[in-house]
Amino acid sequence: MDTVQEIKTPGKEHPATPAKEVREVSGSVAVLEALLAEGVETIFGYPGGAIMPIYDALYDYREKLNHILVRHEQGAIHAAQGFARVSRNVGVVFATSGPGATNLVTGLADAMIDSTPLVCVTGQVFAHLLGTDAFQETDVINITTPITKWNYQVTDASEIPSVLAKAFYIARSGRPGPVVIDITKNAQIQKFSYAGYQKCDHIRSYRPKPIVRKKYVEEAAKLINEAERPFVIFGQGVILGNAEVEFRKFIEKAGIPSAWTIMGMSAIPTDHPLGVGMLGMHGNYGPNVLTNECDVLIAVGMRFDDRVTGRLDKYAKQAKVIHLDIDPSEIDKNVKATVPVWGDCKETLPMLTALVEQKLYPQWIQRFRDFQQKEEDQVIHEELNPSTDILTMGEVIKELNALTNGDAIVVTDVGQHQMVACRYAKFNQSKSNVTSGGLGTMGYALPAAIGAAFGDPSRPTVAIIGDGGFQMTLQELGTIMQFKPHVKIIILNNQFLGMVRQWQQLFHEKRYSFVDITSPDFVQVAKGFGIPGKSISKREDLKPTLAAMLNEPGSFLLEVMVGKENNVFPMVPQGRGVAEIVLCREDV
Amino acid sequence: MLKQEYTITVYTENQIGLLNRIAIIFSRRKINIESLNTSPSEVDSVHRFTIVINETEEVVRKLCRQIEKQVEVLKAYYNTLDEIVWQELALYKVPTDIIAEEVKVERLLREYGAKAIVIRKDYTVFEVTGHREETDNLIKVLEPYGLIEFVRSARVAIIKDSDGFHEKLKEFEYREPGEDASENEYLNENEKVFSM
Ligand SMILES: Cc1ncc(C[n+]2csc(CCOP(=O)(O)OP(=O)(O)O)c2C)c(N)n1
């Protein structure tokens, strides 16, 4: 390939730019103008040598752009993710070259696998120093290629407007994802004739949405209409596609029981009469078992992750599968579709709704209810109403539900508390459940909650974090201290790396290898950052302290000491089929 | 499903870094690339990759979807050997004195379709263009006479059934593309040419 750096001008139907005044601006100013033109208000970032010209320009834009100075670039990117997840806007990150950029890697991988729209601008050394092992030079483009939807290195300022326009378009359209734009320092400084910003809405080599094939929609409707035991499973595609209403209309007309993946959670209210719970390794009993009894499985905006399917050769083998997805590469990737419905579900769902018959499946839905009852009796009741004095994670979530009425944004970290929170949290509104689903990134919750609080300040943001995960990114308490987002932090402290301990207990003969983790006095730590807090371990303190926390005008840290060796059940042990889900330790 | 040789043809924009984006789709899945060629295509400004791998059709189809998912990729096709016209080019450097004395050079040129492209006192370079067996055969012949250097190019291939990319590209230029630009019309139908 030859080495011409060139950004293709989009399609020919582009309206000619209205003759604007051409002025000389620096590349840095062009970056900030691009953000304003894209409607960006909030940036999460951290400065450094190679991005100083942009920060210098930002000084004059500080009234228009709200820059949140985080304490670590990983915090910046997770905050941008939380921001994007609750607001549907693109999250924006600034970081410097070298270590600044490499600190973004975990968040990029997370955003890539969870389809979160981000534009990350990284500084880079001067173009003439590229490849010389210059100070703080890293090959950011090549490091981030597998974990970005698109990335591009800018070495000439005049490219900046069109490249950023492309970046925002790519990040938010189709199946969203993270984009990295690496800008060499000379391009940030360089002045060029700026003719204004033009948004991008077409790239000839990029098809964000596959064309909908009527034929497949009709075939899908036929299968659904002939089904006796249809089952809908849905993922984040419903939320990303802004198709919550369309989705509800579909399942309500067709009368089909529907279960969510962890990423699809909150797309419909958790108490929706057709909602039958969560899928997956620690999901609900009924949806897992009955996946292998339905006759037509309708997957909407989900990608059959292995945590959802368990063993693939024992997954829904009896069922005809209808798969609605915007990303053609997801069709047949893990589970073979009988009828693939490629397209944006906001378009395909109404088409399907029009063709399906109004139906009810009382007996079939009763099967879910029966399993629900069994799970209630064997797992849920004890988790939510423990017979011992020791607090459980579940009852914390139960009390929280009662106080927030399901209107809070719940941000979870990774581990047992995540599974318990997602199992028991109640949601009334979409975009309420923020968690690292695909990557399982410990340390995600605190910064993501900060971002979520900025992304939707109208709702309370509650972060639920393990004692382990909190210690991975607790430096972001400094960001809370300085910028005052309102984040209610609940640390569910079981004094273990609980999820790993659970596996060691169940699958490694209780050989507890380095899962015993000591913690600082979290309340004191928070106090050091000017954040009020409290630690509790008694049941009688739970309700009043949660209420006090939610009434607190600003942020608050609540540590709840919970049972040390409680396990999360049900569980589909790794390597087993979904129908082999177990309800208790004895059955593992 | 049986593994066999597939030739993947990818039409792309000409963008730095795209080679890496495409290559890691294979390396991430521990799939060995037998040969990879990048070149211009019949359309000005559109690049053409020709990639050869040994895999099952199911895997190849998934790989093509992953390739097409890349922002700067226009289209990816995969084909079996009988669906393409293909060539590889090989160069052989041999000591001139031995070759001149011991090998019937004329026979060599005729039988193997070889061309002598450089003849010097110390060495001679032959060229063969053809299929793998043909270029392999000449190695066997020349090895006893002291093959100094051997190199073979990546495969280039023409798709028998293809009408080229001129018309397709027009569709890509439109905002409301024809169906072919967006997805595989042959999905779930075992057509010869797979396109997504
Ligand atoms: C960055 C990272 N490192 C390691 C892991 C593996 N891991 C998954 S859950 C878990 C334990 C989490 O412990 P804690 O934060 O205390 O939460 P708990 O499970 O006890 O609720 C670990 C170590 C991970 N998911 N992410």
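FYI, it's all coordinate maths here, none of it is from the lab. Computed from a predicted structure; not experimentally measured. Every residue, glycine as well, gets a Cβ built from its backbone with ideal geometry; the counts of neighbours run over all protein chains shown.
Structure data summary
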quantity: Hits in the stretch B:27-38 - residues which are more than 12 Å from every other protein chain (Cβ to nearest Cβ) and under 18 Å from the mean Cα position of the chain (by Cα); calculated: B:Ile31, B:Asn32, B:Ile33, B:Glu34, B:Ser35
quantity: Cβ-Cβ under 6 Å pairs, at least 6 apart or on other chains, the stretch A:430-449 side closer than 17 Å to A:Ser266 by Cα, far side assigned to a loop (DSSP other than H, G, I, E, B) and within 12 Å of the ligand (Cβ to nearest atom); calculated: A:Ser436/A:Val414; A:Ser436/A:Tyr444
quantity: All positions within the stretch A:194-207 that are touching a residue at least 40 places away in the same chain (Cβ under 8 Å), within 11 Å of another protein chain (Cβ to nearest Cβ) and in a loop (DSSP other than H, G, I, E, B); calculated: A:Asp201, A:His202, A:Arg204, A:Ser205
quantity: The stretch A:501-530 residues that are under 19 Å from A:Met561 (Cβ atoms) and aliphatic (A, V, I, L, M), paired with ones that are away from the ligand (no atom under 11 Å from the Cβ) and part of a loop (DSSP other than H, G, I, E, B) (beta carbon under 9 Å, 6 or more apart); calculated: A:Val523/A:Pro532; A:Val525/A:Ile531; A:Ala526/A:Pro532; A:Ala526/A:Ser555
quantity: Output for the stretch A:475-503, where each listed residue is at negative phi, more than 16 Å from the ligand (Cβ to nearest atom) and outside any helix (DSSP H, G or I); calculated: A:Pro485, A:His486, A:Val487, A:Lys488
quantity: Qualifying residue in the stretch B:133-151 (condition: β-branched (Val, Ile, Thr) and without any contact (Cβ under 8 Å) to a residue 40 or more places away in the chain); calculated: yes
quantity: Subset of the stretch A:164-173 [within 12 Å of chain B (Cβ to nearest Cβ) and in contact with an Asp or Glu (Cβ under 7 Å, 6 or more places away or on another chain)]; calculated: A:Tyr169
quantity: So A:Phe514, is it of a type in the set (Phe, Trp, Tyr), within 14 Å of the ligand (Cβ to nearest atom) and surrounded by fewer than 16 Cβ atoms within 10 Å (Cβ to Cβ); calculated: yes
quantity: Filtered residues of the stretch B:88-108 (kept if assigned to a strand (DSSP E or B) and either touching a helix residue (DSSP H, G or I) at 6+ places or on another chain (Cβ under 6 Å) or within 30 Å of B:Phe165 (Cα to Cα) (or both)); calculated: B:Glu88, B:Leu89, B:Ala90, B:Tyr92, B:Val94
quantity: Top-ranked residue in the stretch A:140-163 [being under 13 Å from A:Gln190 (Cα atoms) and assigned to a loop (DSSP other than H, G, I, E, B); ranked as farthest from the other protein chains (Cβ to nearest Cβ)]; calculated: A:Asp156
quantity: Of all residues making up the stretch A:560-586, the number that are touching a Gly at 6+ places or on another chain (Cβ under 7 Å) and assigned to a strand (DSSP E or B); calculated: 1
quantity: All positions within the stretch A:108-139 that are more than 11 Å from chain B (Cβ to nearest Cβ) and free of Cβ contacts under 8 Å to residues at least 60 places away in the same chain; calculated: A:His128, A:Leu129, A:Leu130, A:Gly131, A:Thr132, A:Asp133, A:Ala134, A:Glu137, A:Thr138
